[in-house]
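Accompanying notes for the structure given below.
Bear in mind that the values in this text are calculations on the coordinates, not laboratory data. Everything quoted here is computed from the prediction, not taken from an experiment. For neighbour counting, all protein chains shown are included, and Cβ atoms are generated from backbone atoms with ideal geometry for every residue, glycine included.
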């Protein structure tokens with residue numbers, strides 16, 4: 001059964017880093033993010049100072065979820081529409097999805113390496 005998605009009010013302050021806002025149905029979503037987050041005290045740096053290849057987290061294979069045994073399902077939709085009064089979010093980030101509607105398949109992946117470099121105290 002095809003249903004319409006009706007959203008009266010939506011406020012999302014920020015959507016970033018391979019994230020998706022989907023109003024309505026979708027067949028597949030594959031958000032993917034790889035990032036290096038560097039916090040360096042008192043200095044500037046170039047993105048080339050931190051190549052992905054130097055960190056094993058970016059070259060290791062993702063652990064795949066085992067196949068799920070097919071499940072017999074029955075859905076009763078009491079309304080022909082999906083009605084949402086309001087969505088109020090500060091942010092959607094890091095390979096995530098906000099969706100009002102159906103989604104058949106999703107394969108979201110995210111790898112983030114956090115590096116914190118503190119200045120030496122003398």
Next item on the list: Would you calculate the volume per residue, in Å³, of the smallest convex hull containing every Cα atom of the chain?
Entry: 167 Å³
Notebook entry, point to check: Over region 1-101, what relative contact order in percent results from Cα pairs under 8 Å that are six or more residues apart?
Noted result: 66 percent
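Determine, for each peptide in 5-11, 90-96, 59-65, the mean count of other beta carbons within 10 angstrom over its residues, then list the peptides with the highest first.
In decreasing order of mean packing, 5-11, 90-96, 59-65 become 90-96, 5-11, 59-65.
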Next item on the list: Could you let me know the centre-to-centre spacing of region 51-69 and region 16-49, using Cα atoms, in angstrom?
Entry: 16 Å
